[in-house]
Amino acid sequence: MTLLEWQNKILIIDMGFRFPEEDMPGIDFIIPNIAYLKGREKDVVGLLITHGHYDHIGAIPYLIGKIDPKLPIYASALAKGIITKRQDDFSQQGKLNVETVKNGSRVELGPFKIEFFRQNHNIPDNLGLVINTPVGNIVHTSDFKFDETPVNDLPTDFSKLKEIASRRVLLLMADSTGAENEGHSLSEQTISANLEEIFQKSKGRVIAATFSSLINRVQQLITISEKHGRRVFIEGFSMRTNVEISRNLGYIKFKKGTLVQSKDIAKYPDEKITVICTGAQGEGQASLMRIANREHQFIRLKKGDAVIFSSSVIPGNEKTVQVLKDEILRQKTTVYHYKMMDIHAGGHAQIEELKQMISIMKPDFFMPIHGQYSMMAAHGEIAESVGMNEKNVVVVENGQVVALTRKTIEIEKEVIPSYYVMVDGLGIGDVGEIVLRDRQTLAKDGMFVIIAVIDRQTGKIKGSPDIISRGFVYLRESQELLDQTRKKVIGIVSQATGSEGIVNWAYIKDEIRNKVGQYLYTKTQRRPMILPVVIEV
Ligand SMILES: [Zn+2]
């Protein structure tokens with residue numbers, strides 16, 4: 001999410017979410033921090049959406065109501081379809097105010113005059129932005145790649161890009177996701193040819209897993225299947241939803257009878273079946289995982305099946321994907337993945353295309369956007385390699401503010417709040433650092449609860465302390481450890497209460513936590529979360 005501000009008017013570009021990191025157990029995703037907009041809600045003039053991927057639209061249901069439930073949103077037909085469909089899950093919120101825009105649409109919002117232009121990516125209906133501001137034109141590329149032979153889309157319109165450049169570009173904000181990859185991204189046509197080769201070779205079923213948001217890939221698989229007389233089964237909730245939306249809007253086309261229900265899969269011979277499913281990243285609940293684990297209602301893998309992973313592996317998912325691949329191979333299938341042949345092209349421009357974009361736009365100033373810091377830094381260097389002056393390139397992180405005038409670009413000293421806002425179930429932003437740290441401890445070494453009943457009169461423990469534990473040791477097999485711990489607790493309490501009869505309960509709890517913690521650590525080298533419960537009677 002990016003904000004453009006002129007005097008008192010604020011324009012928002014995209015409102016996406018990101019997935020949590022591995023050390024964030026239970027977090028569904030992370031959404032943009034809008035603390036800066038608090039009290040300024042009425043200054044916001046609109047929200048521009050570049051395309052329908054969740055990292056660009058995913059936070060709308062969580063944030064729009066906090067800004068203005070009726071804020072005008074401008075999105076292409078497909079992005080609007082996906083946004084609106086998702087809003088069904090948030091029915092209490094009422095209807096969003098989404099206006100459809102397309103290549104060439106113009107919108108005026110406060111001091112900003114916006115023109116949308118078509119950009120290639122791996123989802124159709126992706127729009128770049130030319131934003132005319134009182135200081136000059138800002139061009140925002142959206143996620144993009146150059147593809148002269150795309151599938152399901154028109155080729156990149158270079159003459160349009162040149163026309164935009166001819167109006168003079170003050171600032172170019174360009175997608176950095178592919179900035180560390182040499183060369184040019186593959187054309188979708190190359191991917192089609194390679195996929196086709198697999199279909200030709202395969203005598204059994206073809207099971208292709210990809211992202212549900214890769215609408216163009218799904219179309220490729222459908223087209224090739226039709227060519228080979230195969231019926232298509234779409235598996236996975238998000239995949240089915242996206243195919244339905246795209247089909248209704250005409251972005252995915254297939255012949256009558258191509259698509260069949262998975263319960264009918266047994267009616268067709270293997271060589272006439274293609275399954276397109278979710279789960280190429282090894283996601284636990286996705287279709288491919290359920291198929292591999294023999295948990296799928298209708299599909300079991302068998303000899304002769306060709307399983308295609310038509311996506312790259314997102315960093316962090318390598319192990320899960322490896323385990324999944326092994327499990328699939330154990331079932332005597334043939335597996336194809338992107339390292340073996342080009343059956344996946346990323347949706348993002350690589351170094352040569354990024355150079356080309358900067359060379360076409362010839363901006364006064366350049367700001368890399370999207371991707372990790374290393375990718376933006378690499379993109380900054382790419383800009384310099386095509387002749388941009390280092391001082392005209394700014395690489396910034398979340399929360400930083402860039403001041404732009406007709407003649408200067410500067411990173412301001414002031415930063416705006418950008419700490420993570422985490423979503424967990426219905427809770428938005430209520431899981432903070434402390435809750436997260438507790439979850440990490442619980443996930444690592446479990447918990448250990450000690451319940452001590454203490455006699456107020458004598459200051460002594462009544463009976464033996466109770467111990468409850470989860471995820472630390474198996475209690476039934478750890479009697480010795482538990483007995484010793486109980487003795488320790490009795491000792492700690494009698495020492496702490498002494499003979500005066502004045503009892504500091506908080507101190508006793510701390511003592512139990514610390515001393516039992518140390519004791520358990522020396523015995524097990526583990527640090528469970530210790531929860532002392534002291535009850536006075
Ligand atoms: Zn995208």
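The values are calculated or read from the model by the stated rules, or taken from the named source; none is laboratory data. What you see is a predicted model; the values in this text were computed from it and never measured. All Cβ positions, glycine included, derive from the backbone under ideal geometry; neighbour counts span all protein chains shown. Keep in mind that these areas ignore ligands, DNA and RNA; they rest on the heavy atoms of the full protein, side chains included. Shrake-Rupley method; radii C 1.70, N 1.55, O 1.52, S 1.80 Å.
One table, with the values for the structure above:
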read-out	value
FRET efficiency, GLU352 to TYR474 (Cβ-Cβ, R0 60 Å, nearest 0.05)	0.55
Inter-site label distance for ILE451 and ASP23 at 7 Å from Cα along Cβ, in nm	3.4
Alpha carbon convex hull of the range 436-491, projected area averaged over orientations, nm²	4.7
Spin-label model distance (nm) - SER159 vs ILE411, 7 Å beyond Cα toward Cβ	4.1
Rg(Cα)/(2.2 N^0.38 Å) for the range 1-83, N = residue count	1.12
Under 17 Å from the GLN189 label point (7 Å along Cα→beta-carbon), backbone N, the range 118-150	120-121, 145-150
Cβ-based charge dipole, the chain, positive-most Cα from VAL489, SER385, LEU186	VAL489
Rounded to the nearest 10 Å², the accessible area of MET388 at probe 1.4 Å	30
Percent breakdown of C-alpha pair distances by 5 Å bin, ordered from the shortest bin, for the range 407-537	2, 9, 16, 17, 12, 10, 9, 7, 5, 3, 3, 2, 2, 1, 1, 0
At R0 = 56 Å, FRET efficiency that the Cβ-Cβ distance of LYS253 and LYS38 yields, to 0.05	0.75
Rg/Rh for the range 95-203, where both radii come from Cα atoms and Rh is the Kirkwood radius	1.08
Selected from THR84, ILE34, SER142, residue furthest toward positive end of dipole (the range 1-144; charges at beta carbon)	THR84
Mean Cα-pair separation over length for the range 442-537, i.e. relative contact order, pairs under 8 Å, 6 or more apart, %	42
Excluding exposed DSSP-loop GluC sites (Glu not before Pro) (at most 14 other C-beta within 10 Å), longest clean stretch of the chain	23-147
Pairwise centroid distance, computed over Cα atoms, of the range 95-126 with the range 447-479, Å	63
Inverse mean reciprocal Cα-Cα distance (Kirkwood Rh) of the range 35-93, Å	12.0
Euclidean distance of C-alpha centroids, the range 360-397 and the range 147-164, integer Å	23
Stretch gain in nm, segment SER374-LYS263, where the contour uses 0.36 nm per residue and the Cα spacing is subtracted	35.3 nm
Heavy-atom SASA rank of ARG486, ARG513 (probe 1.4 Å, accessible area, largest first)	ARG513, ARG486
Global form of the range 97-146, assessed from the alpha-carbon gyration tensor, a/c cut-off 1.5	oblate
Radius of gyration, Dmax [the range 339-470; alpha carbons; angstrom]	27.2, 85
Cα-based equivalent ellipsoid of the range 141-233: semi-axis lengths in Å, sorted from largest, via gyration tensor	34, 14, 12
Cβ-placed point charges (K, R +1; D, E -1), dipole of the chain about Cα centre in debye, nearest 20	1540
Accessible surface ranking that places the most exposed of HIS296, HIS337 first, with a 1.4 angstrom probe	HIS337, HIS296
Near-label residues of the range 60-87 by backbone N, under 12 Å of a point 7 Å along Cα→Cβ of GLU99	71-75
The range 393-474 - convex hull of alpha carbons, volume per residue in Å³	204
Projected-area mean, the range 254-388, by convex hull of Cα positions, square nanometres	11.5
Accessible surface of the chain, 1.4 Å probe, proportion on carbon and sulfur as whole %	50
Cα-projected label distance for PHE237 with LYS272, points at 7 Å along beta-carbon direction, nm	3.2
The range 30-179: equivalent-ellipsoid semi-axes (sqrt of 5 x gyration tensor eigenvalues, Cα, Å)	26, 20, 13
Whole-angstrom gap from the range 259-337 to the range 25-84, using each part's C-alpha centre	34
Cα-based equivalent ellipsoid, the range 181-284: semi-axes from gyration tensor eigenvalues, Å	21, 17, 14
Student exercise, the range 20-159 dipole from Lys, Arg, Asp, Glu Cβ charges, in Debye to nearest 20	700
Overall Cα dimensions of the chain - principal axes, largest extent first, Å	90, 66, 46
Ellipticity estimate at 222 nm from DSSP helix runs (n ≥ 4, -39,500 (n - 2.57)) divided over the chain, nearest 500	-9500 deg cm²/dmol
Accessible area in square angstrom per residue, the chain, 1.4 angstrom probe	48
Net dipole in debye of the range 84-208 [+1 Lys, Arg Cβ; -1 Asp, Glu Cβ; about Cα centre; nearest 20]	280
